[in-house]
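S.K.: A single structure is presented below for examination.
The values are calculated or read from the model by the stated rules, or taken from the named source; none is laboratory data. Only a predicted model underlies this, so the values are computations on that prediction, with no experimental measurement involved. Here the Cβ positions follow ideal geometry from the backbone for every residue, glycine too, while neighbour counts run over all protein chains shown.
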Amino acid sequence: MPHKPTKRRSAADQDKIIVDALRGLGRPVSAYELIEEVRGHGVTAPPTVYRALQRLIDDGLAHRLESLNAFVACNHPHHAGKAVFAICDTCGTVAEFDSSAAIKNLQSWAKGAEFQVRSMTLELRGRCKSCVAADAVQTRA
Ligand SMILES: [Zn+2]
Ligand SMILES: [Zn+2]
């Protein structure tokens, strides 16, 4: 027996379901994977998920990782400015951090070059500390 009659969920409800799903997954996921994840929570229409994702990104609660074409929950909802990501190619872990110095440098270059910045993507790809350590152990064995 359904515990609740079917009713339309508000945008705020949808956003909450989606950000909770992203946080629960704790790793970058494709929109497709996210749609599968929230299906059981009454959010089924892909356009609904895309709209909610856009709102979450605009509000700084989620980020889009361009190089992975994936979405991830924001690690620190109150950070100012743009986030920088370090993505481990081995285990998929994403570390989010602020680097206002790097961003200031890029902005001042753009200003000097009279380049109008539309978007800025700062993503480091490589291997995280634990994957490097695991590799070192394997090599020694
Ligand atoms: Zn963030
Ligand atoms: Zn790793």
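This table checks each residue for (1) among the basic types (Lys, Arg); (2) in contact with a strand residue (DSSP E or B) (Cβ under 9 Å, 6 or more places away or on another chain); (3) not assigned by TED's automatic domain parsing to the domain that holds ILE57.
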site	(1), (2), (3)
ALA95	no, yes, yes
ASN105	no, no, yes
VAL117	no, no, yes
LEU122	no, yes, yes
ARG127	yes, yes, yes
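S.K.: Please go through the range 7-48 and pick out each residue that is in a loop (DSSP other than H, G, I, E, B) and crowded, with 17+ Cβ neighbours inside 10 Å.
M.R.: Hits for the range 7-48 are PRO28, VAL43.
S.K.: On to the next question. Residue by residue through the range 80-125, note down the ones that are of a type outside the set (Asp, Glu) and on the phi > 0 side of the Ramachandran plot.
M.R.: Within the range 80-125, GLY81, GLY92 qualify.
S.K.: Name the single residue that is farthest from ILE35 (Cα to Cα) among those in the range 62-90 being within 16 Å of ligand 2 (Cβ to nearest atom) and surrounded by fewer than 13 Cβ atoms within 10 Å (Cβ to Cβ).
M.R.: Per the criteria, the residue is ASP89.
S.K.: Name the residue, out of VAL84, VAL49, VAL132, that is closer than 23 Å to ARG27 by Cβ, in contact with a Phe, Trp or Tyr (Cβ under 7 Å, 6 or more places away or on another chain) and among the β-branched types (Val, Ile, Thr).
M.R.: None of the other options fit; the residue is VAL84.
S.K.: For the range 122-141, enumerate the residues that are part of a helix (DSSP H, G or I) and at pLDDT below 90.
M.R.: ASP135, ALA136, VAL137, GLN138, THR139, ARG140
S.K.: Right, next: More than 15 Å from VAL19 (Cβ to Cβ), surrounded by 12 or more Cβ atoms within 10 Å (Cβ to Cβ), of a type outside the set (Lys, Arg) and away from ligand 2 (no atom under 15 Å from the Cβ): is that true of GLN54 in this structure?
M.R.: In short, no.
S.K.: Filter the range 72-94 for residues that are modelled with pLDDT of 90 or more, in contact with a helix residue (DSSP H, G or I) (Cβ under 9 Å, 6 or more places away or on another chain) and farther than 21 Å from ASP20 by Cβ; which is nearest to ligand 1 (Cβ to nearest atom)?
M.R.: VAL84
S.K.: Touching a residue at least 12 places away in the same chain (Cβ under 8 Å) and surrounded by 14 or more Cβ atoms within 10 Å (Cβ to Cβ): does that describe ALA95?
M.R.: Answer is no for this residue.
S.K.: Would you call LEU34 closer than 24 Å to ALA83 by Cα, in contact with a strand residue (DSSP E or B) (Cβ under 6 Å, 6 or more places away or on another chain) and modelled with pLDDT of 90 or more?
M.R.: no
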